[in-house]
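Before any comments, here is the structure.
Each value in this text was obtained by applying a stated rule to the coordinates, not by laboratory testing. None of the values given here were measured: they were computed from a predicted structure. Positions of Cβ are backbone-derived with ideal geometry, glycine not excepted, and every protein chain shown enters the neighbour counts.
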Amino acid sequence: MKKILFLSLFMHTLLFSSEITIAVAANVSYAIEKLVATFETLHPDTKVHTVLGSSGKLTAQIRYGAPYDLFMSADMKYPQSLYADALALKPAVIYAQGALALFSKKERDFSKNPMKLLDNVNIHRIAIANPKTAPYGIAAAEALNNTKQYERLKSKFIYGESVSQTVMYAVRVADMGLVALSALYAPQMKKYVKKSHWVEVDTNLYRPIDQGMVILKRAAYNPEVKAFYDFMQSSASATILRDFGYRVP
């Protein structure tokens, strides 16, 4: 009898469990594990797989038929382009807003006009994301232009092609960096302390980094994908995202 009951439960799990695959911008890699774990607690019959990468590369993969169900981008441009080309069901919605941080591996006094620290004669290399390809690079360039430092400092820039690479440069080879705030919540960055090693950049210096998501066409009739999409717009998701340095509209 016990064996029959076990087999019945096992078959029920097979019949009613499902898997979904989400393409996730690299800057969300620090928060996505907790987001998925929370979702799976609420939806125990759904298994979520994630694929991390730059928003541009993930978009290209989607266009070539990659089997993703939902796309969480680092900006609005890429998911909107997928909707415009009928590869997504609805226009992109904002699930979070990213923020910039000014980072130094050495302790510094950030109490007065922190951006001016970049003008110090001992700052020879500054890590930023590539403004040509990365939303956080665009934001960094805007902030530096608004403080009238960009032209003066651009010869010192070391460009990262992703959030993680920019942080790596800031830690290993640069004197300071303008990095994604969320990256500073990674376990390996916990030794760096707010106001001693980093400070948030004034959000008035750059346009909001709106991060958008879309349900992709292949998941049009998948209720589990819709459930994750709704979860990413819930108060539970917002709490987690805020804990990792994001703003939630």
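The dipole here belongs to the chain: it is taken about the Cα centre, uses +1 on the Cβ of Lys and Arg and -1 on the Cβ of Asp and Glu, and is about 560 debye.
For segment 27-78 versus segment 173-249, the spacing of their alpha-carbon centroids is 13 Å.
Quantify how much of the Cα-Cα distance distribution of segment 100-200 extends past 23 Å, in percent.
Details: 701 of 5050 pairs.
Of all Cα-Cα distances in segment 100-200, 14 percent exceed 23 Å.
Pick out, in residue order, every one of the chymotrypsin sites (Phe, Trp or Tyr not before Pro) in segment 28-96 that is DSSP loop and has at most 10 other C-beta atoms within 10 Å; say none if there are none.
On the way: sites: Y30, F39, Y64, Y68, F71, Y83, Y95; in loops: Y64, Y68.
Here the sparse-neighbourhood loop sites are Y64.
For segment 170-222, just say rounded, prolate or oblate: build the C-alpha gyration tensor, square-root its eigenvalues into a ≥ b ≥ c, call rounded for a/c under 1.5, and beyond that prolate if a/b exceeds b/c, oblate if not. In terms of gyration-tensor shape, prolate.
Looking at this model, which pairs from K112/K132; K57/K217; K132/K195; K57/K148 are more than 25 angstrom apart at the alpha-carbon?
Cα-Cα > 25 Å for K112/K132; K132/K195; K57/K148; rest within.
Between the amide H of F157 and those of I126, distances stay under 5 Å, these residues lying 5 or more places away or on another chain, with hydrogens modeled in the peptide plane.
Rounded, prolate or oblate: which fits segment 121-171 when a ≥ b ≥ c are the square roots of the eigenvalues of the alpha-carbon gyration tensor, with rounded for a/c under 1.5 and prolate only if a/b beats b/c? Taking the square roots of the gyration eigenvalues as a ≥ b ≥ c, segment 121-171 is oblate.
By the rule of a C-alpha distance below 19 Å, with chain neighbours fewer than 8 residues away ignored, the lysines paired with K190 are K34, K105, K106. For K156, the aspartates and glutamates whose Cα comes closer than 12 Å to its Cα, not counting residues fewer than 8 places off in the same chain, are D119, D175. The loop-placed trypsin sites (Lys or Arg not before Pro) in segment 120-207, going by DSSP, that have at most 15 neighbouring Cβ atoms within 10 Å of their Cβ come out as R125, K132, K148, K190, K191, K195. Along segment 101-109 the Karplus relation, 6.51 cos²θ - 1.76 cosθ + 1.60 evaluated at θ = phi - 60°, assigns HN-Hα couplings of 10, 9, 10, 9, 6, 9, 5, 9, 8 Hz to successive residues, with x for each Gly and Pro.
Calculate how many DSSP beta bridges within the chain are antiparallel, expressed in % of all such bridges and rounded to the nearest 5.
Numbers: 17 of 36 bridges.
The antiparallel proportion sits near 45 percent.
How much length is gained on full extension from A84 to K112, taking 0.36 nm per residue of separation minus their Cα-Cα distance?
Taking 0.36 nm per residue and subtracting the Cα distance, the gain is 5.6 nm.
Here segment 36-92 is described by how far its Cα atoms reach on the three principal axes: 34, 21, 20 Å, from widest to narrowest. Of all DSSP bridge pairs formed entirely within segment 100-200, close to 45 percent run antiparallel. Computed from the Cα positions only, the extents of the chain along the three principal axes stand at 77, 42, 29 Å, in decreasing order.
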